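Here the structure comes first, spelled out in structure tokens, and everything after it is commentary.
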Amino acid sequence: NYQIKENKIYLQSQISNNFRAPTFNDLYWPQGGNEDLSPERAFKSEVGIGITDEFLSMGDHNFTVYRSQISDGIRWTPSSGSTFQAQNYLSLLSYGAEWSASKSFKFGNFRTRYFHSASYTRATIDKSRFDGDQAVNNQLPYVPKWKYSGTISTTNKNVTMLFSSRWVSERFSTEQNNIRNPEPSFFVSDVSASYLLKFNSTDVQFKLSVNNLFNRRYEIVRLYPQPLRNFLFSIIIKH
């Protein structure tokens, strides 16, 4: 980390070389374990710039770009008969950018805070696993290229109101990306209200949430529709 302007603007970067050892099931499961497996390896790097609220009262902002290369990925693949076998055969390349911003305000007895984040992700299989592998350079299944989420909350003494939204771009459900139309993008919002009571060393919070406020029809995984507008009432006790 390096501060360009003390407590106002800073640079950050990170480089790491990682590995994940095979599990005992990967190595020794009688119906497909492979004692010759190598560890999964990943080389990751990122660099970003941050701005704090002390710089022109703009709030806290952070922008980061990253790259990750994974080799010898361990996956269980079909073998002879009805069994699967653990193999080192997956090479993945992922890169993208992330942005986040937040700020707090105070108006009388009301304290308001917002938080936004957005990201772009490109995640692909970058090396052929077998002859004629049609998945190379395609976006991984169910990994959206674009995502956004935003939250705004207001608190007045013991009452808190919260509104949140998220948007996810289209996703493919297959490695080939062209077998069927992609899952469409969706935009979903939730709202909640809570009230906090304090009894000596005990906190009791009553909360009512309305999820999928605008009754959107959407799927995260193909053919598994998510609930339409639904309500949740909860009581949380902390002692």
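Miscellaneous remarks
- Annotation: of all residues in the stretch 191-217 being within 22 Å of the chain's Cα centre (by Cα) and open to solvent by 30 Å² or more (accessible area, probe 1.4 Å), the one that is nearest to residue 159 (Cα to Cα) is 191.
Residue-by-condition table, conditions (1) modelled with pLDDT of 95 or more; (2) of a type outside the set (A, V, I, L, M, F, W, C); (3) closer than 27 Å to residue 4 by Cβ:
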residue	(1), (2), (3)
47	yes, no, yes
50	yes, yes, yes
71	no, yes, no
74	no, no, no
78	no, yes, no
81	no, yes, no
89	no, yes, no
95	yes, yes, yes
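- Residues of the stretch 165-186 that are of a type in the set (Lys, Arg), open to solvent by 20 Å² or more (accessible area, probe 1.4 Å) and either more than 29 Å from residue 154 (Cβ to Cβ) or touching a residue at least 60 places away in the same chain (Cβ under 8 Å) (or both): 180 alone.
- Only one of 94, 102, 79 that is of a type outside the set (A, V, I, L, M, F, W, C), over 23 Å from residue 152 (Cα atoms), touching a residue at least 24 places away in the same chain (Cβ under 8 Å) and surrounded by 15 or more Cβ atoms within 10 Å (Cβ to Cβ): 94
- When 54, 40, 46, 35 are checked against the criterion of being charged (D, E, K, R) and touching a helix residue (DSSP H, G or I) at 6+ places or on another chain (Cβ under 7 Å), 35 stands alone in meeting it.
- Scanning the stretch 148-161 for residues being open to solvent by less than 60 Å² (accessible area, probe 1.4 Å) and under 23 Å from the mean Cα position of the chain (by Cα) gives a total of 4.
- Pairing each residue of the stretch 187-216 that is within 19 Å of residue 147 (Cα to Cα) with any residue that is outside any strand (DSSP E or B) and of a type in the set (Phe, Trp, Tyr), provided the two are 6+ apart or on different chains, yields C-beta distances under 7 Å for 188/218; 189/214.
The values are calculated or read from the model by the stated rules, or taken from the named source; none is laboratory data. In this text, all values refer to a predicted model and were calculated from it rather than measured experimentally. Virtual Cβ from ideal backbone geometry, glycine too; neighbours counted across all protein chains shown. Surface areas here come from the heavy atoms of the whole protein model, side chains and all, with no ligands, DNA or RNA. Shrake-Rupley method; radii C 1.70, N 1.55, O 1.52, S 1.80 Å.
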